[in-house]
Amino acid sequence: MVKKELRGVKIRDKKLRSRQFIFMKSKTIITFFSVLFILIQGCSPNKADKKEQTVNTKPETPSATAPQFNSDSAYLYVQKQCDFGPRVPNTKSHDACASYLTEKLKTFTPNVIVQKGVVTTYDKVKLNIQNIIGSFNPESKNRILLFAHWDTRPWADQDTVKKDQPFLAADDAGSGVAILLEVARQLSVTKPGLGIDIAFFDAEDWGAKNSNPENEDSYALGTQYWAKNPHVENYSANYGILLDMTGARNATFMMEGNSMQSASNIVRKIWDIANHAGYSGYFIYNEVGFITDDHVYVIQMRNIPSVDIINTTPEGRFASHWHTHRDNMDVIDRNTLKAVGQTLLEVIFRENGI
């Protein structure tokens, strides 16, 4: 299967959510009942009061204030990754970037695991991979998994020139990792009230150029490796959020099919939080088809409901720079980084009451 194949499009519109008194003719009777009415009212609440009391007894969203996401910082994290060049597995630039990501993550949390392994691609190439996982509050059983892939595709197969050469992949790898690095930096300053795991998965993008049944699982090799061999025995999380192509100018994030199938309530919660925070131009209440991405294997192999925040059009198409040499720093926009990063922080700090 070609990476992130879309099977059909479904569009869903956004769904939004006296008394009479009898007076007696007698002045004496009027006075009596008026006094009695006042006494009764003083002892028992009226309907409006009862309604207010009912509302006040419902659980409230924790009022913890999320820290402010710094888009300038995230932008520099994208640039730093691109400075290594294409991060194709089995290359020096890949190894150098792995060291950078590991050391940078360690400045935010001491709980960092580098999971090394070997995977075999659809074209029989052995890849040395490194999955890099940083944890906050590792003792907490209430956890959210935030993840992105950090490797880059070996070929610009969607381009019209230099199709067999790698590209910088500022958006399709760099942006998601950069946002999660900035989230990690914020969590190191303002401690979350639950467990957060930030995972950078390797070897996602060395997948088959053509779709056929034999190549169905040729993408997300690092995630598949982790799902079979989690960094913590019997690892689980309440849910996961995947970032893929989350930094381009004018990006739009639709409600992806696998995400809706496994975690529709989480999808809607994230989109509601984003829209409430002022990012309605990015997080759109439209459903698109099923996309084969890292989250599929987290759902299927670890039984963790997961959401894919990925840039697509309402028709389910990817941005024009996808898998081309145009995927460089020119497409990265601080406003998009801010929209996604701030939404993630809002989600995390609203979950403190889990």
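The values are calculated or read from the model by the stated rules, or taken from the named source; none is laboratory data. None of the values given here were measured: they were computed from a predicted structure. Backbone-built Cβ (ideal geometry, glycine too); neighbour counts: all protein chains shown.
Checking Trp226 against (1) part of a loop (DSSP other than H, G, I, E, B); (2) in contact with a Gly (Cβ under 9 Å, 6 or more places away or on another chain); (3) farther than 30 Å from Asp330 by Cβ: exactly one of these is not met. Which one?
(1)
Looking only at the stretch 91-125, which residues are in contact with a Lys or Arg (Cβ under 8 Å, 6 or more places away or on another chain), among the hydroxyl-bearing types (Ser, Thr, Tyr) and part of a helix (DSSP H, G or I)?
Scanning the stretch 91-125 gives Ser93, Tyr100.
Could we say that Gln165 is among the polar types (S, T, N, Q), farther than 28 Å from His321 by Cα and either in contact with a Cys (Cβ under 8 Å, 6 or more places away or on another chain) or modelled with pLDDT of 95 or more (or both) here?
Values: among the polar types (S, T, N, Q): yes; farther than 28 Å from His321 by Cα: no; either in contact with a Cys (Cβ under 8 Å, 6 or more places away or on another chain) or modelled with pLDDT of 95 or more (or both): yes.
No.
Yes or no: Asp333 modelled with pLDDT of 95 or more and surrounded by fewer than 23 Cβ atoms within 10 Å (Cβ to Cβ)? If you could, list the steps in order and put the result at the bottom.
Working: modelled with pLDDT of 95 or more: yes; surrounded by fewer than 23 Cβ atoms within 10 Å (Cβ to Cβ): yes.
Yes; evaluated as a whole, the condition is true for this residue.
Can you go through Ser236, Ser259 and tell me which one is on the phi < 0 side of the Ramachandran plot, modelled with pLDDT of 95 or more and in contact with a His (Cβ under 8 Å, 6 or more places away or on another chain)? Before the answer, list the steps.
Numbers: Ser236 fails: in contact with a His (Cβ under 8 Å, 6 or more places away or on another chain).
Answer to the check: Ser259.
Kindly indicate whether any position in the stretch 250-257 is in the same structural domain as Asp171 (by TED's automatic domain parsing), under 30 Å from Ser140 (Cα atoms) and assigned to a loop (DSSP other than H, G, I, E, B).
Yes; the residues of the stretch 250-257 include at least one that is in the same structural domain as Asp171 (by TED's automatic domain parsing), under 30 Å from Ser140 (Cα atoms) and assigned to a loop (DSSP other than H, G, I, E, B).
Do we have Leu180 as touching a strand residue (DSSP E or B) at 6+ places or on another chain (Cβ under 7 Å), of a type in the set (A, V, I, L, M) and over 28 Å from Ala66 (Cβ atoms) here?
On the way: touching a strand residue (DSSP E or B) at 6+ places or on another chain (Cβ under 7 Å): yes; of a type in the set (A, V, I, L, M): yes; over 28 Å from Ala66 (Cβ atoms): no.
The answer is no for Leu180.
Answer yes if at least one residue in the stretch 169-177 is assigned to a loop (DSSP other than H, G, I, E, B), in contact with a Ser or Thr (Cβ under 8 Å, 6 or more places away or on another chain) and buried (at least 24 other Cβ atoms within 10 Å of the Cβ), and no otherwise.
Within the stretch 169-177, one or more residues are assigned to a loop (DSSP other than H, G, I, E, B), in contact with a Ser or Thr (Cβ under 8 Å, 6 or more places away or on another chain) and buried (at least 24 other Cβ atoms within 10 Å of the Cβ).
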